[in-house]
Amino acid sequence: MNDMNNYNKIKIRYVLSSVLILLFGGLIYIVFRRDTYLHTILPQTVNHTLEQLRKATESNCVISFMKYYLVDYLWGLALSLSLFSAVDFRKKSSVAAVCAVSAIWGMLFELSQLFSLFKGTFDFADILMYIFAALTAALINNFSLKRMV
């Protein structure tokens, strides 16, 4: 019974982690990106303040990394962890499937940008971010399993 209790706690942690990661990624989008859907629902005074912050941080390489690459990593990590919450993450085949689905999803999304199916810019580095995110989720899962035993 204790193993099942730990198993369910880990699943809940994966879901909560995914939500927090998505919120953090969304915050990066709102603060450092321009003209996203999220900006259409914000008051104009907030958008004006955010624009001043963007102008002040435009040339910062850390901010550039966050807004162009970290967000893709975060989306991929959230996807992988949420998929782990939906499968039996104790099985190696499930871990491999989650990693493959997350990486392939990221590749398909980037390719859809290359062929103008979605708004955005294709970037091979973004594909690497999705792959790194899937591998990070697998490492997190491995660590969780070791703690469960």
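No value in this document is a laboratory result; all are computed from the given coordinates. Predicted model, so just to flag it, every value in this text is computed and none were measured. Every residue, glycine as well, gets a Cβ built from its backbone with ideal geometry; the counts of neighbours run over all protein chains shown.
By how many degrees, between 0 and 90 and to the nearest 10, does the Cα long axis of helix 44-57 differ from the longest principal axis of the chain?
For helix 44-57, the angle is close to 90 degrees.
Tilt of helix 124-148 relative to the longest C-alpha principal axis of the chain, in degrees (0 to 90, nearest 10)?
Value to nearest ten degrees: 40.
Taking Cα pairs under 8 Å and at least six residues apart, what relative contact order does region 63-149 come out at, in percent? The partial results should precede the final answer.
Values: 80 pairs, mean separation 33.8, N = 87.
Relative contact order, region 63-149: 39 percent.
Grab the other residues whose beta carbon is less than 15 angstrom from that of S85, score K and R as +1, D and E as -1, and report the net.
Once positives and negatives cancel, what remains is +4.
Note down the magnitude of the dipole of the chain about its Cα centre, charges +1 on Lys and Arg C-beta and -1 on Asp and Glu C-beta and zero elsewhere, to the nearest 20 debye. Intermediate values should be presented prior to the final figure.
Working: 14 positive and 9 negative charges, 106 e Å.
The dipole of the chain has a size of about 500 debye.
Provide the per-residue ³J(HN,Hα) series for region 95-104, in order, calculated from phi with Karplus coefficients 6.51, -1.76, 1.60 and θ = phi - 60°, each as a whole number of Hz, with x at glycine and proline positions.
4, 4, 5, 4, 4, 5, 4, 5, 5, 5
With a 10 Å radius around each residue's Cβ, average the other Cβ atoms per peptide and rank 13-23, 40-50, highest first. Intermediate results must be reported in sequence, preceding the final value.
Details: 13-23: 16.3, 40-50: 11.0.
Top of the packing list down: 13-23, 40-50.
Would you be so kind as to identify which of Y7, A137, L81 lies farthest towards the positive end of the dipole of region 6-149, taking Lys and Arg as +1 and Asp and Glu as -1 on Cβ and the Cα centre as origin?
Of the options given, the answer is Y7.
³J(HN,Hα) across region 70-85 via Karplus (A = 6.51, B = -1.76, C = 1.60, θ = phi - 60°), whole Hz, x for Gly/Pro?
Couplings: 4, 4, 5, 4, 5, 4, x, 5, 4, 4, 4, 5, 5, 5, 4, 6 Hz.
Using only Cα positions of the chain, each an equal point scatterer, no hydration layer, compute I(q)/I(0) via Debye at q = 0.09, 0.20, 0.21 Å⁻¹ and quote the log10 values to two decimals.
Taking Cα atoms of the chain as identical point scatterers yields -0.35, -1.18, -1.24.
Would you give the gap between the C-alpha center of region 1-47 and the C-alpha center of region 64-143, rounded to a whole Å?
About 15 Å separates the Cα centre of region 1-47 from the one of region 64-143.
For a footprinting-style exposure proxy, rank D123, D72 by other Cβ within 10 Å, fewest first.
Numbers: D123 15, D72 22.
The order, fewest Cβ neighbours first, is D123, D72.
Which one of Y29, S112, A97 is farthest out on the positive end of the charge dipole of the chain, using unit charges on Cβ (Lys, Arg +1; Asp, Glu -1) and the Cα centre as origin?
A97
Where the eigenvalues come from the Cα gyration tensor of region 42-102, what are the semi-axes √(5λ) of the equivalent ellipsoid, largest first, in whole Å? Mind showing how you got there, number by number?
Details: eigenvalues 273, 40, 7 Å².
They are 37, 14, 6 Å, listed largest first.
Given an 8 Å cut-off on Cα distances and at least 6 residues of separation, report the relative contact order of the chain as a percent. Display every interim value, and only then the final one.
Numbers: 139 pairs, mean separation 42.0, N = 149.
With pairs under 8 Å counted, the relative contact order is 28 percent.
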